[in-house]
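Here the structure comes first, spelled out in C-alpha cells, and everything after it is commentary.
The values are calculated or read from the model by the stated rules, or taken from the named source; none is laboratory data. Model, not experiment: these values are computed from the prediction. Neighbour counts are summed over all protein chains in view; Cβ atoms, including those assigned to glycine, are modelled from backbone coordinates with ideal geometry.
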Amino acid sequence: MTKDAVAVHLGEIGQIAVTVPNLEEAKAFYGDVLGMKFLFDARRMAFFQCGTVRLLIGASEPGTEKPAAGMDGTILYYRVADIQAVHAALREKNVEFVQEPHLVARMKSHDLWLAFLKDPAGNMLALMEERARE
C-alpha cells in the first residue's frame, strides 16, 4: 500500500436491494404489513426506510422472474465517505469492478454516487456515497 492509500473498512450498510416479481404487492407488504416508511418510487423501484438502512425493492423483468438490468438478486450497498478513494484502494487489492464510480441521482441535499463489484462467489456488492453539495 502506498503512503496515500486508503485503508478500507466497510462497516455500514446504507441500502439493501431485493428483486421481486410484483412491485405493487411488495410495496403493500413492506409498507402496510411490515410498517416501513415509504420514501419514493423511481421507475420500477420503490424505496423504504428501515431504521438507518434504506430498502430498495426492484421489479424483475416483465413476464419473468429474471432480475431487471442492474439488479442482480440481492445487493448490499456499503456507505463510504469517499467513493473515489475506496475504489482506488480496492483496485490496488485487485478487486474488479462491474461498474466504476458514477453519479446516479441528484437529490435535494446531495448527489448519489455508486460503484458495483462482485465478491469471489459472484454476489453483487456496491459502494455508495451520498456526497453533500457545497
Residues of the range 93-103 satisfying the condition of being aliphatic (A, V, I, L, M) and surrounded by 13 or more Cβ atoms within 10 Å (Cβ to Cβ): VAL95, VAL98
Condition check for TYR30: modelled with pLDDT of 90 or more, of a type in the set (Phe, Trp, Tyr), more than 15 Å from the chain's Cα centre (by Cα) and closer than 21 Å to ILE13 by Cβ: yes
Positions within the range 76-102 being in contact with a Lys or Arg (Cβ under 9 Å, 6 or more places away or on another chain) and part of a strand (DSSP E or B), in sequence order: TYR77, PHE97, VAL98
Any hit, the range 105-115, residues being at pLDDT 95 or above, of a type in the set (Gly, Ala, Ser) and surrounded by 15 or more Cβ atoms within 10 Å (Cβ to Cβ): yes
Pick from the range 9-27, criterion surrounded by 14 or more Cβ atoms within 10 Å (Cβ to Cβ) and more than 22 Å from ALA115 (Cβ to Cβ), ranking: nearest to the chain's Cα centre (by Cα): VAL20
Candidates GLY122, GLY58 - the one that is in contact with a Ser or Thr (Cβ under 6 Å, 6 or more places away or on another chain) and either surrounded by 13 or more Cβ atoms within 10 Å (Cβ to Cβ) or in a loop (DSSP other than H, G, I, E, B) (or both): GLY58
Given (1) more than 14 Å from the chain's Cα centre (by Cα); (2) on the phi < 0 side of the Ramachandran plot; (3) not charged (D, E, K, R), index of the condition GLY122 fails: (2)
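Listed here are the residues, each with its yes/no results for (1) in contact (Cβ under 8 Å) with a residue 12 or more places away in the chain; (2) assigned to a helix (DSSP H, G or I); (3) touching a His at 6+ places or on another chain (Cβ under 7 Å); (4) at positive phi.
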{"residue": "VAL6", "(1), (2), (3), (4)": "yes, no, no, no"}
{"residue": "LEU10", "(1), (2), (3), (4)": "yes, no, no, no"}
{"residue": "GLY14", "(1), (2), (3), (4)": "yes, no, no, no"}
{"residue": "VAL18", "(1), (2), (3), (4)": "yes, no, no, no"}
{"residue": "GLU24", "(1), (2), (3), (4)": "no, yes, no, no"}
{"residue": "LYS27", "(1), (2), (3), (4)": "yes, yes, no, no"}
{"residue": "GLY31", "(1), (2), (3), (4)": "yes, yes, no, no"}
{"residue": "ASP41", "(1), (2), (3), (4)": "no, no, no, no"}
{"residue": "ALA46", "(1), (2), (3), (4)": "yes, no, no, no"}
